[in-house]
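Colleague: Sharing a structure, written as structure tokens. Questions coming.
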Amino acid sequence: MSGGSEAGRRKAAGAGRGAEGGGGRAGGGREVPGSWFTRPSRFPPPGRIVAYCVLLILGAAVGAAGSLVQAAWFPGGLVLALLASAGLFLGSLRATGTQVGVLSSAVGWLVAIVVLSVGRPEGDAMFGAGLGPLVFMFGGMATAVMCATMSRLPQSDGGPGRLGR
């Protein structure tokens, strides 16, 4: 009596492994024809890759402009630069719907900030010493992290009711 139930459990466990993505194998361990071709790709579509590259360049532009503005008009320029950075990061999250979009714009922003903060051999540097550049760097990085770790965006097309009604 227990032998029949044991065989049933083994058969169910084997079928469960195949259904959960066992690499194209059916419940009996056979290879399912065409399963390699029908699996969804792990890579993003080419349009999204282009969007990530554009956001990388846009992040570098906003980082460079923000570093100039925050130094030029100290209190107001700093607020304007931080708002532009927050708008870039939130906009990249809305445009792509993924955290990788925020990451790509944040990487461009950070690279521009780091390149501009390194001084030249002559002693010239884009960033001066003071509180403003530090607030701009850390505030922008904190904003990027906040936007990247936000939960999923709310869907505006659904009603407040339950599913299926």
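The numbers here are math on the coordinates, done by the rules we state, and not lab data. What you are looking at is a predicted structure, and each value in this text was computed from that prediction instead of being measured. Note that each Cβ is placed from the backbone with ideal geometry, even for glycine, and that neighbours are counted across all protein chains shown.
Colleague: Quick check: residue separation of Val118 and Val145 times 0.36 nm, minus the Cα distance between them. What number comes out in nm?
Modeller: That works out to 7.4 nm of additional length.
Colleague: Okay, next question. Sort 56-64, 42-50, 85-93 by packing, meaning the average of other beta carbons within 10 Å per residue, with the highest value first.
Modeller: The peptides rank, most packed first, as 85-93, 56-64, 42-50.
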